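The values are calculated or read from the model by the stated rules, or taken from the named source; none is laboratory data. Please read these numbers as outputs of a predicted model, since none were measured by experiment. So basically every Cβ, Gly included, is an ideal-geometry build from the backbone, and we count neighbours across all protein chains shown. Heads up: the accessible areas ignore ligands, DNA and RNA and are worked out on the full protein's heavy atoms, side chains in. Shrake-Rupley method; radii C 1.70, N 1.55, O 1.52, S 1.80 Å.
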Amino acid sequence: MTVNELMERVRQEMTGDAKADLKRISEIAQEYKKEENAGELMEALAQFAVEMLPEDTRRQMEESTFVRGVRMDRAFSDALQMIRESKTAEAETLLSEIASKIQTHFAEGDKKWFSFRNPFEYHMYRLFYPEDTQFDRAPFDFANYLQTYAYVLLNNGRGLAALQMLDRAIAFNPVSVDPRFEQAEIYKLMRMPAKLLEVTRETARLGTAPQVFARTAANMGYYCVLMEQLQDAAVFYFDSLRFVSAPAIESELQDTIHSMQLSGTLFAPPSKGQILDVYEKYNVQQPPNSDLVNLALTLAGSAHQHARFELEGLFLRTAYDMTNSDEIREKIEQLEKAIEIMKSAD
């Protein structure tokens, strides 16, 4: 689909009712978001939508979501290019302007704005915070923008400012593990074990993938080394490798075992019960979080009933990532075959 072809279709489907037309543009965008040239297609749709707005609404939108005369996502892309070119001072300045714009227009008042990356994150939030219903979708991925700003701040030697920016990133996506992992790395650098333990506990209950489980266990291993609890550290490193094989963690495990041997302590592969014991000792959620597994399966069932097969696939894959269950894998394979049959019948 070329931009010209897309825009011809859009113009044909417009009714003159701004609200209905904007909704239709959003629906069309969903249809083409997986195209090879999705970036330029989405850019064209966004520009068309802006031009449709009444003048006062357009002015207000530009005031809240434009930086240096361009849409915030374009400005963020410019900042990423600066980072790639090692222009960290310039990137920090631009990201500071983006962060300031977000603070001014989206971080005050009664209304909350969230930038969940997928439907499961939205439902996670509703599970953990059922009483919180007054919120809206942020126009851009503010959590990612602020996390990237924190990365630049840290690289420019501003660790404390980076931690504060990561708190702001978490506020826009309270169920994301990414900014919490970044906080954990800073706490490691600053030798702050209590804060490392605190953020790792928070991260553990939000994990939905083997990579997250592995990294969480590895961070607990690091914490236990700092606290000179080498036996517990070895168990956590061992458990990390159970989820994802990583040479760096294998090296940490071997170093820990060597230190134990120097003090006359031997290490044997722990049983499931011993692994559970060490998680419980530090009050850390052992993966997977059964509440999240049940949520994913419940949502998959609901999506199936409403013939929302793409959503069903998302939720089933999320459940599979957490459990590695053969039964769930078979359901995914059956769903994929059914979708292929439906596509071939069209």
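When the residues of the stretch 132-160 are narrowed to those that are of a type in the set (S, T, N, Q) and under 14 Å from residue 80 (Cβ atoms), which ends up most open to solvent (accessible area, probe 1.4 Å)? Walk me through it before giving the result.
Step one: of the stretch 132-160, the residues of a type in the set (S, T, N, Q) are 133-134, 144, 147-148, 155-156.
Narrowing the set further to residues that are under 14 Å from residue 80 (Cβ atoms) leaves 144, 147-148, 155.
Values: 144: 61, 147: 38, 148: 22, 155: 93 Å².
The selected residue is 155.
Tell me whether the stretch 163-180 contains one or more residues that are farther than 30 Å from residue 122 by Cβ, buried (at least 23 other Cβ atoms within 10 Å of the Cβ) and among the hydrophobic types (A, V, I, L, M, F, W, C). Step through it out loud before you land on a result.
Taking the stretch 163-180 first, the residues farther than 30 Å from residue 122 by Cβ are none.
No; the residues of the stretch 163-180 include none that is farther than 30 Å from residue 122 by Cβ, buried (at least 23 other Cβ atoms within 10 Å of the Cβ) and among the hydrophobic types (A, V, I, L, M, F, W, C).
For the stretch 168-246, give me every one of the helices (runs of 4 or more DSSP H) that falls completely inside it and has 1 or more residues that are more than 30 Å from residue 262 (Cβ to Cβ). It would help to see each step written out before you state the result.
Working: elements: 178-189, 193-204, 210-226, 230-243.
Output list reads 178-189, 193-204, 210-226.
Sort out which residues of the stretch 249-267 are over 20 Å from residue 211 (Cα atoms), open to solvent by 60 Å² or more (accessible area, probe 1.4 Å) and in a helix (DSSP H, G or I), and write them in order of number.
Going through the stretch 249-267, the residues over 20 Å from residue 211 (Cα atoms) turn out to be 254-267.
Still in the running and open to solvent by 60 Å² or more (accessible area, probe 1.4 Å): 254-255, 258, 261-264, 266.
Once the filter is applied, which keeps residues that are over 20 Å from residue 211 (Cα atoms), open to solvent by 60 Å² or more (accessible area, probe 1.4 Å) and in a helix (DSSP H, G or I), the stretch 249-267 yields 254, 255, 258, 261, 262.
Does residue 270 meet the test of being touching a residue at least 60 places away in the same chain (Cβ under 8 Å), assigned to a loop (DSSP other than H, G, I, E, B), under 17 Å from residue 218 (Cα atoms) and open to solvent by less than 60 Å² (accessible area, probe 1.4 Å)? Steps first, please.
Values: touching a residue at least 60 places away in the same chain (Cβ under 8 Å): no; assigned to a loop (DSSP other than H, G, I, E, B): yes; under 17 Å from residue 218 (Cα atoms): yes; open to solvent by less than 60 Å² (accessible area, probe 1.4 Å): yes.
No.
With respect to residue 105, determine if the residue is within 25 Å of residue 319 (Cα to Cα), touching a residue at least 24 places away in the same chain (Cβ under 8 Å) and either open to solvent by 40 Å² or more (accessible area, probe 1.4 Å) or polar (S, T, N, Q) (or both).
On the way: within 25 Å of residue 319 (Cα to Cα): no; touching a residue at least 24 places away in the same chain (Cβ under 8 Å): yes; either open to solvent by 40 Å² or more (accessible area, probe 1.4 Å) or polar (S, T, N, Q) (or both): yes.
Spelling it out, it is not the case that residue 105 is within 25 Å of residue 319 (Cα to Cα), touching a residue at least 24 places away in the same chain (Cβ under 8 Å) and either open to solvent by 40 Å² or more (accessible area, probe 1.4 Å) or polar (S, T, N, Q) (or both).
For the stretch 192-247, how many residues meet the condition of being polar (S, T, N, Q) and free of Cβ contacts under 8 Å to residues at least 24 places away in the same chain? Steps first, please.
Residues of the stretch 192-247 polar (S, T, N, Q): 200, 203, 208, 211, 216, 219, 229, 231, 240, 245.
Those left that are additionally free of Cβ contacts under 8 Å to residues at least 24 places away in the same chain: 229, 245.
Counting residues in the stretch 192-247 that are polar (S, T, N, Q) and free of Cβ contacts under 8 Å to residues at least 24 places away in the same chain gives 2.
Give the stretch 9-44 a look and list any residue that's in a loop (DSSP other than H, G, I, E, B), under 20 Å from residue 71 (Cα atoms) and at pLDDT 80 or above, or say none.
Here is the first cut: in the stretch 9-44, the ones in a loop (DSSP other than H, G, I, E, B) are 14-17, 33-37.
Restricting the remaining residues to those that are under 20 Å from residue 71 (Cα atoms) gives 33, 37.
The one that is in a loop (DSSP other than H, G, I, E, B), under 20 Å from residue 71 (Cα atoms) and at pLDDT 80 or above: 37.
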